[in-house]
1. Report whether or not Ser56 is hydroxyl-bearing (Ser, Thr, Tyr) and under 30 Å from Leu91 (Cβ atoms).
2. Criterion first (at pLDDT 90 or above and not hydrophobic (A, V, I, L, M, F, W, C)) does Gln92 satisfy it?
3. What number of residues within the range 78-97 are open to solvent by 60 Å² or more (accessible area, probe 1.4 Å) and part of a helix (DSSP H, G or I)?
4. Only one of Leu75, Leu24, Leu47 is modelled with pLDDT of 90 or more and either surrounded by 10 or more Cβ atoms within 10 Å (Cβ to Cβ) or within 26 Å of Gln98 (Cα to Cα) (or both). Can you tell me which?
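The values are calculated or read from the model by the stated rules, or taken from the named source; none is laboratory data. Because the structure is predicted, anything quoted here is derived from the model rather than measured. Here the Cβ positions follow ideal geometry from the backbone for every residue, glycine too, while neighbour counts run over all protein chains shown. Ligands, DNA and RNA are excluded from the accessible area calculation, which covers all protein heavy atoms including side chains. Shrake-Rupley method; radii C 1.70, N 1.55, O 1.52, S 1.80 Å.
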Amino acid sequence: MAAVQEPPRTGLPAGDPGFPQVDLALVQLAVEQAALDDLSGASEVELIDQIQQLESVQHSLAALQATRVRAFARLHVENGITAGQTDPDRLQRGVVAQVGWPAGSRRPRPAVG
């Protein structure tokens, strides 16, 4: 399995943990435009190459999303504890409610140990 890297952090001040919102908007626009492409003249090789590229993009986006969800969950729990909330189930429900995981999807489980 290939290693997944986060997107380059261009145009950011030193120490900034994110990236400009415009980067994601451009990615979304490119994907939406590609969805409108006429593929009637594409060869099997070209289509397989595109499918492989799409798989790679999906994996990269999933990794990026996971890092953001993990960072949000940590911050949410820290803020909850600071505010006096110590019930782990309630803190987890707060994370799940705000991140908006669809029903039946994989959700984080409380750490054991």
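1. So Ser56 does not fit the description; no.
2. It is false that Gln92 is at pLDDT 90 or above and not hydrophobic (A, V, I, L, M, F, W, C).
3. 9
4. Leu47 is the lone residue from the list that is modelled with pLDDT of 90 or more and either surrounded by 10 or more Cβ atoms within 10 Å (Cβ to Cβ) or within 26 Å of Gln98 (Cα to Cα) (or both).
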